């Protein structure tokens, strides 16, 4: 366990916080969960850095996919899930194609995002997409400018999707409600207001 | 479905050069697999007389595994081809007398395939467990 | 053509193509018709759903939502053809996973049962571009034969996108470091497919990054612009409306955020194909593009 | 003639080994011994910590005498490990050594059921019951001794094969050294310097090549391949294919009556030959003619015609003149030799690294392999030792080295193993460019530096001190600047935790190695197994690293697994020593697992005759009817005949039908008395 320093000065307490890695502070279940959801043997990572070297996000941020793999192995759940970098993966899968251990770091990241989401750590834009789909069936719905353009092209104003056949929407909503996703999206977005 | 605690009796006849060595390698690598197999070593699967297998079934074996070298790898050039041919014919005979030929398996495991040996055993044990006790079982007692 | 109706597919539209670049939808139907592929409406389809957003929140929801779209096509008894890499990831990959994983399939069917649907795994999913390349369906030669107005004199950079071909092991497109099949399809139209640095780099938009951190996403896009300019590309083509959105509208955003103007026309391959088959810019809705396509059109000899 | 000999009253002794906790950890030894005591025919059962130890073996010796035993069962490890040991003990106790049977309760029991003590114990009891049933029916067998041909064969003329041949030859053994290329020398002759001593590779190799060529006991056969192998230890009949060389040696010329003729290596033919082909010795970076030598130090110094390229214009024949060395109508010849033992030293090839497309080999001009680097940096190479960039011939100043290029790679494209010498030769390469090119900077991209040999770590220290830059990170991809053709090496410096883009003038890929193309065919000819990655399988990874499961066949060098030169030479000497032992003994004992004909049961159908892969069986007239007869020297004991004989007339010694049936019955029907 990290040494608790009950310094009166909060700032100093944070500045001098015990930064050692203690096994007792970690969650070994985190690795198992990441491997289960991500379907990849993250514990086989030998930290060669091919993933970070391949990553389009790494050169322009502090996002290091290799470090996320390491945190999974070491059970550093809290650190991984609360790191805003977790959401900088563009899921391009280049690291997955090149990983010499034949792992899928991208899917490990997706798994960590899934675990973060269980704790309501989800960026707002993801939830807005959920709301839009619940409402219209589309993440990027139609609009009037586009309707006009469609007609000009000889297409119907509404595409042959839930836009034209809204009778399919209840089914979609049922699926999302099965997981209580819309409700969560509304709640989390409202809390963030 | 067979009862969970039932332990099948499965005979394995395996060749000295490939499968026996592969099984030894599985041991050396400490790869764990189900304990339901009893192995008899022969120098080559070519030695396996179909009568041995019939005898085993008659004695009440629930399954028989014959395992040799990969084709082209036989220590004696072609014993495994001949064994494969015999096993194929024997499976046909078993099928024709109404005996499930899945109880007889021939596999090819090389000396370097310890992990494969373990998989083969897992597979064979599962197949036999799914089939349940051999119909000859009572007869043998 | 007597073979015209030989290949029929349920046409999965997705979101960005019908609702932002309807020219792609129009072009896909018309150009495919000329190549012997009939695209039939997949009524009631929804968002694929967006693999970045939904996959990140809960993969199970992503499976179930994609499976619903798959079932619609199963009910038609038809394979799906689509025009977007993001849709390909959702629809193809979920189909692939459900076909090969009984546990997943059972889980999904439990949810689908609530809306009286059942996923059976009876159809396949294809990207139109791969159907064009496949000699058993169309083939590069037939694409070339369909050209009435060759796009000669222009250099076109090709963006393959990520979610169509990667991860390589699960897909069937072969090499993902330096693929050339889409370049071949571009060459078939008379244009010169130009090789640029880091051709396979991501557009920057995927995985929810466009919505999460726009500047970050645009910085990746901007790098692609630099690499394309280096070799003098006259346009960029892709097979993903979401990549198109990122490259096309992204250039406006790059202008706003970074103060850099590129003006590189971005065309979906079906738009390019439409031009080569003689469709007019108006028929393709090219006026809806954020970046003016006119300079590119003028350059075609 | 063998008969179904039953011991009057079998008395079996059972000995159960604890193997420390290896067996006793999962198997309840005490209950197993108690169980064994109650089995039919068991006279005594005992256990010991280590049965293979001297006191353990003594237990067997003493029990045989004390209990008047007729057969021994030891339940311990695999018979592939200790069967010979316990046969020795059985013999020492006064019994025929073949009255011994082993029950494997370690490799195939305690080690694979480590957490199931009950099941493991039950399985051990069954194994012993099965072994006892067989032991009760075992009979005396006399091993057959066969003479050993006083000659050996070495396949492959690289440094490993050369060393093995020299050792054998120097021990007085006639040694055939067969090499598929026109010259011996192998990979080592392509190298410039050797690590960590920086000896010139050719300088230390050439004297050895000359030694080989001059040694009276070595029959050097270059441009020759093994075509067929028959026989067994002591008596291998090997057919060699001497590929059509198109050039005669002085001896060959003399045999044709051209006294004073034959090739003297003058090279006039090469001068006039109009055909140009890439020289594989220079990895295609230099030309050679259709009539050629690889390089000036070849041994033998003898030209070779590449008949795939030759246009048969005859200019070479004309200029050779009276020497009459060139014969453009030559064809392959076959030579039969007889040897007692054989050593395989077939070496390695470079993995086709263009398959790792992210590094752009064969796509970017300035990405080369380490072997190409060796030739480019070598004074006798195509550039006279001036390292140049292929794109423009300029001297590179910044050079990236990609280690583990295709090694330690589990993607399926690449090799899962460590190729074992790339770290060290890349350090050497870094040293060479620092030494040769003023201001040059080597960037070494590595995952781990494996400098485990003698003076290797010190060499690493030295190169780091000389200024090589080490970046701990595997290279993700390489991008080419389309204008300058410079390369951008992308990786993460994992120690810095930042992605790096290192612009270099040249990239050298330390490509993985794989078994040479001929290895697979050769190993099948000799009946040698291979491990999953294709390297030839040694008899035991630790205790018999030079032997194979085929008696009389040994391994030297990289064909058994990646090795550097010192390890290759050491193994070659080990293999030569092992291969010389049977030859010096003059005879070997063959395991007496021969087929025997039970004549009264034999119907003379002759089915077995065709089944035998060794033509060991024949039909003979006896007492007015046909019966099968076995030529014991030819029989290898596979039992394929015995597995088929419809009349049950074949008695496979030590694996006889009644013995196997007894094992089956014991397993399924047997039990305590």
Inset, instruction - Looking at (1) closer than 20 Å to residue D:427 by Cβ; (2) without any contact (Cβ under 8 Å) to a residue 60 or more places away in the chain, find the lone condition where residue D:371 falls short. - result: (2)
Legend entry - Checklist (1) out of contact with any strand residue (DSSP E or B) (no Cβ under 6 Å at 6 or more places or on another chain); (2) within 14 Å of another protein chain (Cβ to nearest Cβ) applied to residue C:244, failing item: (1)
Legend entry - Residue, surrounded by the fewest Cβ atoms within 10 Å (Cβ to Cβ), within the stretch B:23-48, restricted to residues that are more than 16 Å from the chain's Cα centre (by Cα) and more than 7 Å from chain D (Cβ to nearest Cβ): B:29
Legend entry - Criterion: at positive phi and within 14 Å of chain A (Cβ to nearest Cβ) - qualifying residue of D:527, D:439, D:497, D:534: D:497
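Conditions tested, residue by residue: (1) over 14 Å from the mean Cα position of the chain (by Cα); (2) more than 8 Å from chain D (Cβ to nearest Cβ); (3) over 21 Å from residue D:651 (Cβ atoms); (4) at pLDDT below 95.
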position: B:12; (1), (2), (3), (4): no, yes, yes, no
position: B:53; (1), (2), (3), (4): no, yes, no, no
position: B:63; (1), (2), (3), (4): no, yes, yes, no
position: B:77; (1), (2), (3), (4): yes, no, yes, yes
Inset, instruction - Find the helices (runs of 4 or more DSSP H) located wholly in the stretch C:82-149 whose residues include 1 or more that are within 14 Å of chain A (Cβ to nearest Cβ), and list them. - result: C:93-100, C:102-113
Legend entry - Residue check, residue D:627 exposed (fewer than 14 other Cβ atoms within 10 Å of the Cβ) and either in a helix (DSSP H, G or I) or over 37 Å from the mean Cα position of the chain (by Cα) (or both): no
Inset, instruction - Please go through the stretch D:212-232 and pick out each residue that is assigned to a loop (DSSP other than H, G, I, E, B) and surrounded by 19 or more Cβ atoms within 10 Å (Cβ to Cβ). - result: D:222, D:223
Legend entry - the stretch C:1-30: number of residues that are at pLDDT 95 or above, more than 7 Å from chain A (Cβ to nearest Cβ), in contact with a strand residue (DSSP E or B) (Cβ under 9 Å, 6 or more places away or on another chain) and on the phi < 0 side of the Ramachandran plot: 11
Inset, instruction - State whether the residues of the stretch A:30-48 include one that is free of Cβ contacts under 8 Å to residues at least 12 places away in the same chain, in a helix (DSSP H, G or I) and surrounded by 14 or more Cβ atoms within 10 Å (Cβ to Cβ). - result: yes
Legend entry - Every residue from the stretch B:65-75 that is within 7 Å of another protein chain (Cβ to nearest Cβ) and surrounded by 18 or more Cβ atoms within 10 Å (Cβ to Cβ): B:73, B:75
Inset, instruction - Could you tell me whether the stretch C:226-237 includes any residue that is surrounded by fewer than 24 Cβ atoms within 10 Å (Cβ to Cβ) and within 14 Å of chain A (Cβ to nearest Cβ)? - result: yes
Inset, instruction - Mind listing just one residue for me: the one in the stretch A:49-63 that is farther than 17 Å from residue C:200 by Cβ and in a loop (DSSP other than H, G, I, E, B) and, of those, nearest to the other protein chains (Cβ to nearest Cβ)? - result: A:49
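Conditions tested, residue by residue: (1) away from every other protein chain (no Cβ under 14 Å); (2) under 27 Å from the mean Cα position of the chain (by Cα); (3) part of a helix (DSSP H, G or I); (4) over 30 Å from residue B:117 (Cα atoms).
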{"residue": "D:140", "(1), (2), (3), (4)": "yes, no, no, yes"}
{"residue": "D:154", "(1), (2), (3), (4)": "yes, yes, no, yes"}
{"residue": "D:160", "(1), (2), (3), (4)": "yes, yes, yes, yes"}
{"residue": "D:164", "(1), (2), (3), (4)": "yes, yes, yes, yes"}
Legend entry - Selection count where residues are part of a loop (DSSP other than H, G, I, E, B), within 21 Å of residue C:245 (Cβ to Cβ) and more than 10 Å from chain A (Cβ to nearest Cβ), scope the stretch C:280-290: 3
Inset, instruction - Check off (1) more than 11 Å from chain B (Cβ to nearest Cβ); (2) part of a loop (DSSP other than H, G, I, E, B); (3) exposed (fewer than 15 other Cβ atoms within 10 Å of the Cβ) for residue D:646 and give me the number that stays unchecked. - result: (1)
Inset, instruction - Hey, could you check the stretch C:291-301 for residues that are assigned to a loop (DSSP other than H, G, I, E, B) and surrounded by 13 or more Cβ atoms within 10 Å (Cβ to Cβ) and say which is farthest from the other protein chains (Cβ to nearest Cβ)? - result: C:300
Legend entry - Positions within the stretch D:649-673 being assigned to a loop (DSSP other than H, G, I, E, B) and at the interface with chain B (Cβ under 9 Å from one of its Cβ atoms), in sequence order: D:654, D:655, D:669
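The values are calculated or read from the model by the stated rules, or taken from the named source; none is laboratory data. For clarity, every value in this text was computed on a predicted model and none was experimentally measured. Note that we place each Cβ from the backbone using ideal geometry, even for glycine, and neighbour counts take in every protein chain shown.
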